[in-house]
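The values are calculated or read from the model by the stated rules, or taken from the named source; none is laboratory data. These numbers come from a predicted model, not from an experiment. Heavy atoms of the whole protein, side chains included, go into the accessibility calculation; ligands, DNA and RNA do not. Shrake-Rupley method; radii C 1.70, N 1.55, O 1.52, S 1.80 Å.
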Amino acid sequence: VFSEFIAHLDYPMVVVTTVSEEARAGCLVGFHSQCSIEPERFAIWVSKANFSFGVVLRAEIFAVHALDESAREIATLFGTQTGDEIDKFEHCRWHPGPRGVPLLDDCPNRVVALRTGLFDDGGDHLCVVVRPIHAEVGASFTPLRFQGVRTLQAGHDAREPRGR
Ligand SMILES: Cc1cc2nc3c(=O)[nH]c(=O)nc-3n(C[C@H](O)[C@H](O)[C@H](O)COP(=O)(O)O)c2cc1C
């Protein structure tokens, strides 16, 4: 019933990108939310099974890209492919933003943010709390939501943590 409840919430999807020590990473994320008003904070939950997880642990800078309904291709690239096998950034248009974080050219609604904290409660996702330093809002858009991508097969199953 919990999963039905979550499905009804139908959260909007984002792509989170990051970079550390020259390694770039990015994945499709449904678990995210603003989590403080003053100061402004945003939380992102990253699966411990993902290639992105290893990069996130060392990274300071993040970009959160809102996805429009038309951004299915980007959602599919970042949600079904894994950095363990391909360089996703060879398959999309992007440019380096603050501190080298990859900004996706097809997703003009985005926030660039610096890490302020990590929280691990022992679940299969790690909570990364970030402080927005820059935001860009393009033309108005209709969010791509969970129901629109729920049939995508994730590049990594969160229930199979890395190294298991
Ligand atoms: C509908 C959907 C929602 C997802 N939500 C998240 C999420 O909230 N956090 C996360 O870390 N991965 C999430 N994923 C999984 C990753 O996007 C996926 O495993 C990706 O291929 C990982 O790429 P990486 O191994 O290069 O990091 C989701 C995937 C799908 C299809």
On average, how much accessible surface per residue is there in the stretch 7-164, in Å², for a 1.4 Å probe, leaving out ligands, DNA and RNA?
-> 54
Calculate one ³J(HN,Hα) per residue across the stretch 40-54 by plugging θ = phi - 60° into the Karplus curve 6.51 cos²θ - 1.76 cosθ + 1.60, and present them in order as whole Hz with x for glycine and proline.
-> 6, 9, 9, 10, 10, 10, 10, 5, 5, 7, 7, 4, 4, 3, x
Rounded to a whole %, the carbon-and-sulfur portion of the accessible area of the stretch 36-79 at a 1.4 Å probe is 55
Along the stretch 7-22, Karplus-curve 3J(HN,Hα) (6.51, -1.76, 1.60; θ = phi - 60°) to the nearest Hz, with x for Gly and Pro, reads 4, 5, 4, 6, 5, x, 9, 10, 10, 9, 10, 7, 8, 8, 6, 6
In whole angstrom, and with the biggest value first, how far do the Cα coordinates of the stretch 26-164 range along each principal axis?
-> 42, 33, 29
Take the Cα atoms of the stretch 68-128, find their three principal axes, and give me the spread along each one in whole Å, biggest first.
-> 34, 26, 24
